[in-house]
Amino acid sequence: PEFSDELVVDPAVEAQCGGNAECIFDATATGNINVGMETMTITNELEIQRTQTANQDPTITPGTPITIVLGQTVQYVFSVREVDAGDTVTVALEPIENTVVPSNTDIVVDGSIVDNVQVFVLTWTAAAIDVNVSLQIVARDSNGGVARLTVPVTFCPCNNSQPCDPVEPGNDGGESRFVRQTCNCGEAYTGEVCGDDRDECVAGTGCFMGVECTDVPAPDTGIICRACPEGTTGDGA
């Protein structure tokens, strides 16, 4: 600032201003430390805005879309590029609106930074899900830059190793990119996620009228028919 050499600086003012020249000048010229502190706040905010304006957002290179079944562990490999020298980048999972991040997820660094690119590995073990979920990766640099990537997921939620029907054409999961498939339970199981034993005495043909019927427990199928009513013969079916 002009004429600063002509001012006598109080060491206490210099200490409070932390060596900031604009703060020291205004506080000394006006005799009011509050004026100097306000000047320092404004100049610091302007410097932050200048840095953020010049800052480039990080970029995320996606991996292969995830296809996973209940109980399976999958790894999703992706990378983050940060071109601004000196910026540090943090990476985390954040839910998109009206969803949650599924449990049993973790992101770790894989190797060192090469040509401003850092590789990361997302690990997820799929547990039962009864809410809307999303896997959104968010990379933030130390100067306010942000990059977001929603990982496409196809999830088969069936218990007891039962298969799922194919995904319907055009179903990409919408904003969450999370597609929950429909279970196709075999003869031994029933329920939305094939978690219940199908009672073939009730759901199947059963036995002959009056014959006691016992269901064969899953994973096997079939029924056991007891003795025929008195005066009849046969296998009870």
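The values are calculated or read from the model by the stated rules, or taken from the named source; none is laboratory data. All values reported here derive from a predicted model rather than from experimental measurement. Cβ atoms come from the backbone with ideal geometry, glycine included; neighbour counts cover every protein chain shown. Quick note on the areas: whole protein, heavy atoms, side chains included, nothing else; ligands and nucleic acids left out. Shrake-Rupley method; radii C 1.70, N 1.55, O 1.52, S 1.80 Å.
Ranked from largest to smallest solvent-accessible area, with a 1.4 Å probe on the protein heavy atoms, 7, 149 come out as 7, 149.
Largest first, how would 84, 10 line up by accessible area (1.4 Å probe)?
Sorted descending by solvent-accessible area, the residues read 10, 84.
Binning the C-alpha pair distances of segment 184-237 at 10 Å intervals from 0 yields a P(r) profile of 28, 42, 21, 8, 1 %, listed from the shortest bin outward. When only alpha carbons of segment 73-194 are considered, Rg and Dmax amount to 17.5, 61 Å.
Residues of segment 67-90 falling in the label zone of residue 59, defined by backbone nitrogen less than 20 Å from a point 7 Å along Cα to beta-carbon, are 77-90. Summarising the amide proton neighbourhood of residue 79: residues at separation of 5 or more, or on other chains, whose placed amide H is nearer than 5 Å comprise 61, 120. With the gyration tensor restricted to C-alpha atoms of the chain, the semi-axes of the equivalent ellipsoid amount to 71, 18, 13 Å, longest first. All C-alpha to C-alpha distances of segment 22-143, sorted into 10 Å bins beginning at zero, yield P(r) values of 11, 29, 22, 16, 12, 7, 2, 0 percent in whole numbers. Distance between the modelled labels on residue 226 and residue 132, one decimal in nanometres: 5.1 nm (7 Å Cα→Cβ projection).
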